[in-house]
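Encoded as structure tokens, the structure appears first; notes follow it.
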Amino acid sequence: MKRNAPHLPTSPVAWTIAAFVLSASPHLLAMPPVLSGLVLVAAGWRLLAAQRRWRLPPGWIRILLSLSAIVLLAISYGGLWGRRAATGLLCLMLGAKMLELFRVRDLRMVASVSLFLVTTQFLFNERLLYIGYLMAGVLASVCALLAIQRFEQGNQRAPGSERRILREGAMMLLAALPVAAVLFLTFPRLAQPLWGLPDEVMDARTGLSDTMSPGSIAELYADDSPAFRAEFEGGPPPPGDRYWRGPVLWNFDGDTWERAFLPSRTPTDLVPPGSNDYIYNVQLEPHERRWLFALDYPVTLPENARISLDYQLTARKPITALTQYRMRSNPDPIDMPQLPETLRQLATRLPADRNPRTREMAESLRSRFGDDRELIAHVLDWFRQEPFYYSLETSPLGRHNADEFLFDVRTGFCEYYASAFAVIMRFADIPTRVVTGYQGGYWQSGGEYLLVRNSDAHAWVEVWLEGSGWTRVDPTAAVSPQRIQRGASSIAEGRESLFDMAWLRDLRNRYDRLQYLWNAWILGFDAERQQRMMRFLGLPDISRTGMALIMAASLGVIVLVVAWAWLRDPRGSRDPVRRAWLRLLRRVGRRGLAKRPSETPLAWARRVAPALAGGDRLVEITGLYNDIRYGDRREESLRRRFTQAAGAFRPEPLGSRRF
Amino acid sequence: MAAIPGARASERARRPRLFERWLQRRTRLDLPLTLAYRQIFILPTRFGWLLAILMGAMLIGSLNFNNNLGLLTTFIVAATSINTMLLSFRTLRGLVIRRGGAVPVHAGQAIDYRLAVDNPVERPRSGLVLRAGDARNVFSVAPRGSREVRLRLTPRARGWHKPGRLRIETTHPLGLFCAWSWFEPRAPVLVWPAPAADPPSLPEQGEAQLGGRRSPREEGEEFHSLRRWREGDPLHRIAWKASQRHQTLLSREFRRERSRHVTLDLSLAPGRDLEERIRILTAWVLRADADGREWTLKAGERALGPARGEAHRHACLRALAET
């Protein structure tokens, strides 16, 4: 290793930096622009330094720069915990490494850590598009390693070498795919994670949160990414039934709705199966929280999940990777025919000093309607008749937020309606809770699955009624029925008018179908699917050790095949002239007249000619070969004449004639 | 016959004897040698281990997060590494090392060891490294090509030397694995003794002249060279035509014919010990040859000459090296 070579040539440095920048690009985009700018400047500086042969900067500058960058990172992420902060730190370290990238060892380090960066990106996003990122990142790193090796072997100045490096790298990547595929299919998966993930590590805030204050879902509306997909056996449920239950919120402090910590249900305490059950597979995108979404009311429990008293499904671990589970829901049962007194208290509690106008209205309604159902119907009618508007453009509400919304602003979206409606109900002493989750979804008719996007997030209310238990009431439906019937995108007026074209939507839905298959077959390939594949191949249930053995065996087989392909002697040159010449040499050589390495072709032909019948012909053919190979005669006719003549020549020793 | 110290004698001594014997059995050491499965060893390089550790981290992280794309990346990298292992092996496999040898040099000078290497297949081989100790040479061989690889070895003592165990290795194509083969060419290399730095002048008339008294230069009849005219040169010595050409006065210099025979006897040479006497004798041989004289070398019972010229010099130096 050339340890003290101060000036590395441009090629390996440029490839290494390309590998690093490419692998780091998604991380850099997620970082504060100041920091990613710093990293990019460092990389650009190194590239210029390679061309202009600058020396490495003094140590104190490097240390100062790196330290200040790390401090900046810690400030902007509020510490060095969390995956974003950790990968950001890794990017910064590699950026700092750019300033002292002056040895072959450093280049190799950066190129291989780039591979690591590619892997860490998938902790944040595993969408179909990222397969391109994966391939590009690995390709660039392999090319960088090739360029570094080429430099070490001292032949970096070959003409057109960059393109050759790229081609060689692509070849290596292609050749790696069979072995990688076998490993992917047979590597034993963990049914349980090795170690738990502390919740602080989860810092990418996507999806529903476990609290709700009016306005918090608004960000989700702008997020068109899929939240989950559900594949139904039989048709999809009608739009009015597509309420996917998420966190159920009981406690309201005047600003924010929060969960109550209710006991879990035991598996025996679940709803019995019915006749109108929905049976479906959910393919949940990672959202870093524990919610699992299901239709009301789950009959079965997914693995590693529990269900609370209010039918809220939670996984034991945060959902950090695509998760698939099979569900069966019975929409018919009555949730809690009897309401325990503690829960009634919990479901009617309100801060007394808030929303006096709402309180007044609720109390007057209470005195007018003895029946809860009539009261609710009246309030919904009131929503319908008064000028309430559904809009995502909202203004922040103050201390008496229900008052302001119901009597002054009257413009908002589901959270505002759900929260204000729940406040009216509680003032009217009707047990009420707020449910957040998703509502609706797009039915992919080609793929037979329901696509639920993050923008389908919704909030509604459940009231407890004598005789029907907890009953869903959706005040938003009263104001904006099409929100419920046709989905969130139908009421987002003007928001996407520039891009909201039919063909574009169609394209997006088609893409999602691919994404769905990708999720089902690549991302969702887990221990269970692996077992299913083995069963499909005719192998019974296999333990982890058995799986490891199968992996070793199939890996052995595929490596043997690959090794055979690599190590097999090339069948000959691609040049037909050369091939014909080598065949001729072999044929004559079999007669014991092999060409010695020291002989020129013509010298050999002249030496062996006397021993062969038609030896003159051999000399002639060899002369032709000399002309083509060493002369400047490149005509196609001459080449063809040579290959034909060489192919037709049969060396017969003098004296043995065939009759 | 000694091994060249460059071949890391100390390292070999450290290696357990059992391993050494296994190695002996496993390696065919003499030339010509075609590198095959049994002769090729392969291990990850330091960078290879580093990448392995990195891949382990990637694997465990991806498994724990149940992250299939992360796993896929890890597996692609692992598969690439497996491929490079095969490619490193392929770079060596089938390579033919035909013969090695070197032109003799004096002790202390570098041996320019040459190894003839053939590539019998239609595939280029690049990134090959020939090494012995710290000496290394990077080379590549064209498809169906042959080439001569040179290696600088530095012997310290005179005599016949085995080049020792040489190593041909490659980390092609990514530097993850190092494949190598050992071989020990049997053909030894001759190292002449080093000439003494400041030898006494030649022992004229067959007698060693001690004390280094220089014999005065006498003029002879043989034309020797042209030199710049000096005051006192007789007129008939001036080379007029040449002077005109060079625009300055040149005179012809004549010297006595230098073929006077000299006998160089090891036992009569000055010097404290045998080695010093051999060095002085070596210097004398070189001097006598440079002066174009005829000489006889007596070393022990052997007597070479009288003769002159390159062949005689080589014979004498070889005799001195072997003494």
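Going through the range A:625-643 one residue at a time, which ones are assigned to a helix (DSSP H, G or I), surrounded by 12 or more Cβ atoms within 10 Å (Cβ to Cβ) and without any contact (Cβ under 8 Å) to a residue 12 or more places away in the chain?
A:Asp627, A:Arg640 - these are the residues of the range A:625-643 that are assigned to a helix (DSSP H, G or I), surrounded by 12 or more Cβ atoms within 10 Å (Cβ to Cβ) and without any contact (Cβ under 8 Å) to a residue 12 or more places away in the chain.
Can you give me the number of residues within the range B:98-120 that are in a strand (DSSP E or B) and either touching a Ser or Thr at 6+ places or on another chain (Cβ under 8 Å) or within 9 Å of chain A (Cβ to nearest Cβ) (or both)?
Residues flagged as in a strand (DSSP E or B) and either touching a Ser or Thr at 6+ places or on another chain (Cβ under 8 Å) or within 9 Å of chain A (Cβ to nearest Cβ) (or both) within the range B:98-120 amount to 6.
Do any residues in the range A:100-121 that are more than 7 Å from chain B (Cβ to nearest Cβ) have Cβ atoms under 7 Å from those of residues that are among the hydrophobic types (A, V, I, L, M, F, W, C) and not in a helix (DSSP H, G or I), where the two are at least six apart or on different chains, and which pairs are they?
Every condition considered, the pairs that remain are A:Glu100/A:Leu56; A:Phe102/A:Leu8; A:Phe102/A:Leu56; A:Val104/A:Met1; A:Arg105/A:Met1; A:Leu107/A:Leu8; A:Leu107/A:Leu101; A:Val110/A:Leu101.
Quick one: count up the residues across the range A:448-477 that are crowded, with 24+ Cβ neighbours inside 10 Å, hydroxyl-bearing (Ser, Thr, Tyr) and in a strand (DSSP E or B).
The total comes to 1.
Does A:Gly370 satisfy the condition of being of a type in the set (Gly, Ala, Ser) and in contact (Cβ under 8 Å) with a residue 60 or more places away in the chain?
Answer is no for this residue.
From the list B:Arg245, B:Arg272, B:Arg313, which residue is within 30 Å of B:Ala194 (Cβ to Cβ), part of a helix (DSSP H, G or I) and modelled with pLDDT of 80 or more?
Residue meeting the stated conditions: B:Arg313.
With (1) part of a helix (DSSP H, G or I); (2) more than 9 Å from chain A (Cβ to nearest Cβ); (3) closer than 26 Å to A:Asp569 by Cβ as the list, and B:Ile53 as the residue in question, which single condition is left unmet?
The single condition B:Ile53 does not satisfy is (3).
Give me the residue from the range A:306-322 that is under 21 Å from A:Ala260 (Cα atoms), buried (at least 18 other Cβ atoms within 10 Å of the Cβ) and hydrophobic (A, V, I, L, M, F, W, C) and, out of that set, farthest from the other protein chains (Cβ to nearest Cβ).
Ranking the qualifying residues of the range A:306-322, first place goes to A:Ile307.
Determine, yes or no, whether B:Leu226 is of a type outside the set (Val, Ile, Thr), crowded, with 18+ Cβ neighbours inside 10 Å and either farther than 20 Å from B:Leu320 by Cα or modelled with pLDDT under 80 (or both).
Criteria not met by B:Leu226.
Could you tell me which residue of the range B:121-140 is nearest to the other protein chains (Cβ to nearest Cβ), considering only residues that are in a loop (DSSP other than H, G, I, E, B) and touching a residue at least 40 places away in the same chain (Cβ under 8 Å)?
B:Asp134
Against the conditions (1) within 22 Å of A:Phe122 (Cβ to Cβ); (2) assigned by TED's automatic domain parsing to the domain that holds A:Pro286, where does A:Ala502 fall short? Just the number, please.
In the conditions (1) within 22 Å of A:Phe122 (Cβ to Cβ); (2) assigned by TED's automatic domain parsing to the domain that holds A:Pro286, A:Ala502 misses (1) alone.
Can you name the residue in the range B:56-97 that is outside any helix (DSSP H, G or I) and in contact with a helix residue (DSSP H, G or I) (Cβ under 8 Å, 6 or more places away or on another chain) and is also nearest to the other protein chains (Cβ to nearest Cβ) among such residues?
Per the criteria, the residue is B:Asn67.
If I filter the range B:49-77 down to residues being surrounded by 22 or more Cβ atoms within 10 Å (Cβ to Cβ) and touching a residue at least 12 places away in the same chain (Cβ under 8 Å), which single residue comes out as nearest to the chain's Cα centre (by Cα)?
The extreme case among them is B:Leu51.
How many residues does the range A:543-589 hold that are closer than 30 Å to A:Leu612 by Cβ and either in a helix (DSSP H, G or I) or touching a residue at least 24 places away in the same chain (Cβ under 8 Å) (or both)?
Matching residues across the range A:543-589 total 14.
So, in the range A:54-77, how many residues would count as being farther than 22 Å from A:Leu8 by Cα and not β-branched (Val, Ile, Thr)?
Summing the residues that are farther than 22 Å from A:Leu8 by Cα and not β-branched (Val, Ile, Thr) in the range A:54-77 gives 12.
What is the number of the single condition among (1) surrounded by fewer than 22 Cβ atoms within 10 Å (Cβ to Cβ); (2) over 17 Å from the mean Cα position of the chain (by Cα) that B:Ala110 does not meet?
(2) is the only condition that B:Ala110 fails.
So which of A:Tyr511, A:Tyr516 is touching a strand residue (DSSP E or B) at 6+ places or on another chain (Cβ under 6 Å) and modelled with pLDDT under 85?
Residue meeting the stated conditions: A:Tyr516.
Report, by residue number, each residue of the range B:162-188 that is surrounded by 19 or more Cβ atoms within 10 Å (Cβ to Cβ), of a type outside the set (Ser, Thr, Tyr) and either not assigned by TED's automatic domain parsing to the domain that holds B:Glu148 or not in a strand (DSSP E or B) (or both).
Passing the criteria: B:Pro163, B:Gly164, B:Arg165, B:His172, B:Pro173, B:Leu174, B:Gly175, B:Leu176, B:Glu184, B:Pro185.
The values are calculated or read from the model by the stated rules, or taken from the named source; none is laboratory data. Please read all numbers here as calculations on a predicted model, not as lab measurements. Note that each Cβ is placed from the backbone with ideal geometry, even for glycine, and that neighbours are counted across all protein chains shown.
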